[in-house]
Amino acid sequence: MKSVIEIVNDIYWVGINDRNTRLFENLWPLENGVTYNSYLIDAEKVALIDTVKSTESVNYLQNIQDKLEGKKVDYLIINHMEPDHTGAIKELLHVYPDIQIVGNKKTFGMLKEYYGIEENLITVKQGDTLDLGSMTLEFHLTPMLHWPETMMTYLKEEGILFSGDAFGGFGSLDGGIFDDEVNIEFYENEIMRYFTNIVGKYSNMVLMAIKKLSDLEINVVAPTHGPIWRTNPEKIISDYKKWSEYEAKEGAVIIYGSMYGNTERMADYIARCLSENGVKDIRIYDSSKTHLSYLINEIWKYKYVFLGSCAYNTRVFPMMEGLLNTMKNKGLKGKKVGIFGSYTWSGGGVSNLKKFVDEVGWELIGEPIEFKGAPGKEHFAQAEELSCLIGDCYVGEE
Ligand code: FEO
């Protein structure tokens, strides 16, 4: 793939595809890879916007040097300090020792703590600008999106918003880098998974940032991960808004932890009851098989969530417990939840699912279905009643 690609005159993508890293933040699966997007503005003064992960610095720097043919980089703009975007900074300074680093007050605290860099710093505040000659950069502080120092850089003459992690997504760029060059359907789920895994905890900050940016004329959204939106920038902004407002689609996701198949049997039974009641979009997941990265995304996506767990040492099944703890941290609101599960002696699965639902403030629908050993007729009848609270047979108020 060409390693330097023009976005508009004199503005280039100089990002790197990473198909080697298995887990983003050593936590989230990257089965489709990821990009670290960096941008080069070759005006009278030359500016780089963000860098790449340290493991990718050799190719990255070579690409920049080849493009600039001896010209120097004057400024590095740091929109975000996380090392997937600052990892190449020391090598960059080695090649361009006079570079001036642009960030905000919080950026530079982290820059010292991570890399010991304290010189040639230009501190910017909300609305400050940097003159590159024929082009002007304007800085918009967007704290906690998703770190305290995060900011966005707006190129005024072209209406390009270099948005940092916001509006980004998982998935390497395999040839096409623009929204109109790729099969966007492939990226949509990976973009949402990136949002729900990385940025979604700070949904209120996403909404504040979108409001803050509403006066800008945005022709291109250029995030640090995933496709660059030059044809339909409104789409990615409206998707992020929708997800941050916890808008969910009709349908149900059923997630369970089951040792010997009894809780799983109830998951299948509930799913069939929902289907008979006209619910068309139903997904079932075994928490022991599917990584919580995907489970978080599915929970975010659907209006109805069914959680099942056998009791395990008087608690929720461990894989479910991990999911519940992560969901508590995400702060997601507005779900309607049914719960079910088995026990053998003292319980602890269903009761702790109920405790979780109370803690996160989701709406419990119907009565919890709990059975000793295998589910019996009365428990299947309960599942039918529960599923009747959703779908075509429901006659109450939403
Ligand atoms: Fe892509 Fe928050 O780093």
Requested in this report: Run down 165, 215, 174, 179 and say which single residue is surrounded by fewer than 17 Cβ atoms within 10 Å (Cβ to Cβ) and within 24 Å of residue 41 (Cβ to Cβ).
Outcome: 215
Report summary line: residue 47 meets each of (1) within 16 Å of the ligand (Cβ to nearest atom); (2) buried (at least 19 other Cβ atoms within 10 Å of the Cβ) with one exception, condition (1)
Report task. Could you identify the single residue in 55, 86, 21, 51 that is out of contact with any strand residue (DSSP E or B) (no Cβ under 6 Å at 6 or more places or on another chain), closer than 25 Å to residue 134 by Cα, among the β-branched types (Val, Ile, Thr) and free of Cβ contacts under 8 Å to residues at least 60 places away in the same chain? Result -> 51
Query raised in the report: Among 11, 77, which is within 16 Å of the ligand (Cβ to nearest atom), crowded, with 22+ Cβ neighbours inside 10 Å, in the same structural domain as residue 120 (by TED's automatic domain parsing) and of a type in the set (A, V, I, L, M, F, W, C)?
Result: 77
**Report entry** Whichever residue in region 131-153 is open to solvent by 20 Å² or more (accessible area, probe 1.4 Å) and touching a residue at least 24 places away in the same chain (Cβ under 8 Å) and, among such residues, is farthest from residue 106 (Cα to Cα)
**Finding:** 134
Query raised in the report: Do we have residue 61 as under 23 Å from residue 157 (Cα atoms), open to solvent by less than 30 Å² (accessible area, probe 1.4 Å) and either outside the structural domain of residue 326 (by TED's automatic domain parsing) or within 16 Å of the ligand (Cβ to nearest atom) (or both) here?
Result: no
**Report entry** Those residues of region 89-101 which are in a helix (DSSP H, G or I) and either more than 20 Å from residue 52 (Cβ to Cβ) or without any contact (Cβ under 8 Å) to a residue 24 or more places away in the chain (or both), in sequence order
**Finding:** 94
Query - All positions within region 325-356 that are in a helix (DSSP H, G or I) and among the aliphatic types (A, V, I, L, M) - result: 327, 350, 353
Query raised in the report: For residue 382, which of the numbered conditions (1) modelled with pLDDT of 95 or more; (2) at negative phi; (3) surrounded by fewer than 16 Cβ atoms within 10 Å (Cβ to Cβ) fails to hold?
Result: (3)
Query raised in the report: Does region 360-367 include one or more residues that are surrounded by 13 or more Cβ atoms within 10 Å (Cβ to Cβ), modelled with pLDDT of 95 or more and assigned to a helix (DSSP H, G or I)?
Result: yes
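The values are calculated or read from the model by the stated rules, or taken from the named source; none is laboratory data. In this text the structure is predicted, and so the values were computed from the model without any measurement. Reconstructed Cβ throughout: ideal geometry from the backbone, glycine too, with neighbour counts over all protein chains shown. Just so you know, the surface numbers come from the protein's heavy atoms only, side chains and all, with ligands and any DNA or RNA stripped out. Shrake-Rupley method; radii C 1.70, N 1.55, O 1.52, S 1.80 Å.
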